[in-house]
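Worksheet: one structure, shown below.
The values are calculated or read from the model by the stated rules, or taken from the named source; none is laboratory data. Just so it is clear, the structure is predicted and the values come from calculations on it, not from any experiment. A quick note on method: Cβ atoms are made from the backbone with ideal geometry, for glycine too, and the neighbour counts reach across all protein chains shown.
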Amino acid sequence: MARDIIGSVLILMGVCVMVIAVAGTFRFKYVLNRMHAAALCDTLGLMLVLSGLMVISGFTALSAKFFAIIVFIWLASPVMSHLIARAEVLTHAHLSEECEVIDNDDRI
Amino acid sequence: MKKDMWKRFSAWVNGTSEERGPLELPDTAVHHEKKKLFELSDEQKIRLFKAGYLAVAAVVCLAVVSVLLYTVFQLPLFGDPNNPAVNDVVERYVEKGLEETGAVNMVAGMIIDYRSFDNFVESSVLFLAVTSVMMLLLRDKNNISREEDIQEEHERIIEKEASDLILQKVVSMVLPCIMLFGVYVVLNGHISPGGGFSGGAVMGAGLILYASAFGTDKVRELFNMKTFKTVTSTALLCYAASKAYSFYTGANGLHTGIPLGTPGAIFSSGLILVLDICVGMVVACTMYGFYVLFARGEI
């Protein structure tokens, strides 16, 4: 019973994070800002939801699979966001109009 | 009060809250006098287009929905004993499937044993697709121009300079797991959900990941045109030969001589494991082939 409650609270927290991420994705106008919000949903939100499911299912093989998913997503999702941001920075011709660029020469 | 808050929230989400003010359209009043009576201004045209678009979208949606609903009402009721006798096949699959194919995963038994011609032609479709892409895009001696060569060289330099250290490190950590998972899914096609197509897709995606992290030149060291041709054609021929054998013997009432094994073991269910491996090879090669042909024009 207590496990169910803790798990539900974790899942609800994850859903809250995802709602914030969705609102941010619509609120911001520029790619880098929107990505900053969208990356939340993939990493923190999914981790909270999956760890909630892990708590509910207990110490089983299913939990190990959830844990593997979390590890994979925490490896893959930040790298993916990094690559999208990098593609934007490399291909945007007038980046300094959109945001502050500290070192313009060393973009690669 | 509640509505007000909702409005303010939606304005905030849309980025049109009061602090910024709505976007002001340019004043078109000056140009209005010169125009004819029936000519519409740009703003009106846009509004008309939007309304028309919505109307057409609604009509299309309703048409599709009504066609689908009509079809659904034509179907026989689910579970009705008076339904037409098309259920013999299903009953046969459910009752005798495990005994005849030896596959615990009934879907694999159905697809790769009872209906393996289907599956064979699906793999051939992939092969045909990659062949036609090759005919159009492959850069051989009939399909080379100087500008393309220069552009290719340029792209190669960019790829080398822009190679990403973070991606490379993460890929070298993740890629073994991905490939191993692909092999696992292929080999367990007859025991658990999975099989040749899904496992092959996983392996092909792993190859694409490797190519996008380290460059296609690096992949060519272990997977070039020769291996591509050999693996794909060998797998398809192997599929065709083994299935032709089992159909020939089955049609003539002979025993195939292939043991079915105990259901649930890795080496069980006769030819399904072999055919799964063949399909997985074809699918992995095809996925990577598509990627690299569209990106570089050569495997």
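Figures for the structure shown
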item	result
Residues located in the range A:23-42, provided they are without any contact (Cβ under 8 Å) to a residue 40 or more places away in the chain, closer than 17 Å to A:Pro78 by Cα and among the aliphatic types (A, V, I, L, M)	A:Ala37, A:Leu40
Which numbered condition B:Pro193 misses (of (1) buried (at least 18 other Cβ atoms within 10 Å of the Cβ); (2) modelled with pLDDT under 90; (3) within 14 Å of chain A (Cβ to nearest Cβ); (4) within 19 Å of the chain's Cα centre (by Cα))	(1)
Residue match in the range A:76-93 (condition: out of contact with any Lys or Arg (no Cβ under 6 Å at 6 or more places or on another chain) and more than 14 Å from chain B (Cβ to nearest Cβ))	yes
Every residue from the range B:187-199 that is part of a helix (DSSP H, G or I) and of a type outside the set (Ser, Thr, Tyr)	B:Leu187, B:Gly196, B:Phe197, B:Gly199
Those residues of the range B:144-168 which are part of a helix (DSSP H, G or I), among the charged types (D, E, K, R) and facing chain A (nearest Cβ under 10 Å), in sequence order	B:Glu161
Which listed residue, of B:Val171, B:Val185, is in the same structural domain as B:Asp113 (by TED's automatic domain parsing), hydrophobic (A, V, I, L, M, F, W, C), over 26 Å from B:Met225 (Cβ atoms) and surrounded by 12 or more Cβ atoms within 10 Å (Cβ to Cβ)	B:Val185
Test: residue in the range B:42-51 that is of a type in the set (Phe, Trp, Tyr) and either modelled with pLDDT of 90 or more or within 30 Å of B:Gly196 (Cβ to Cβ) (or both)	yes
Wholly within the range B:200-299, helices (runs of 4 or more DSSP H) carrying at least 1 residues that are surrounded by 14 or more Cβ atoms within 10 Å (Cβ to Cβ), of a type in the set (Phe, Trp, Tyr) and at negative phi	B:225-251, B:272-295
Extreme residue, farthest from B:Gly199 (Cα to Cα), among residues of the range B:93-145 that are of a type in the set (Ser, Thr, Tyr) and modelled with pLDDT under 80	B:Ser145
Pair list, Cβ under 6 Å, 6 or more apart: the range B:256-284 residue free of Cβ contacts under 8 Å to residues at least 24 places away in the same chain, other residue in a helix (DSSP H, G or I)	B:Thr256/B:Ser246; B:Thr256/B:Thr249
Residues located in the range B:105-124, provided they are in contact with a Leu (Cβ under 7 Å, 6 or more places away or on another chain) and either buried (at least 18 other Cβ atoms within 10 Å of the Cβ) or not in a helix (DSSP H, G or I) (or both)	B:Ile112, B:Ser116, B:Ser123
Any pair with Cβ under 7 angstrom, 6 or more apart, that starts in the range B:138-158 at a residue that is touching a residue at least 24 places away in the same chain (Cβ under 8 Å) and ends at one that is not aromatic (Phe, Trp, Tyr)	B:Leu138/B:Leu293; B:Leu138/B:Gly297; B:Leu138/B:Glu298; B:Arg139/B:Gly297; B:Arg139/B:Glu298
Residues of the range B:40-80 satisfying the condition of being of a type in the set (D, E, K, R) and exposed (fewer than 10 other Cβ atoms within 10 Å of the Cβ)	B:Asp80
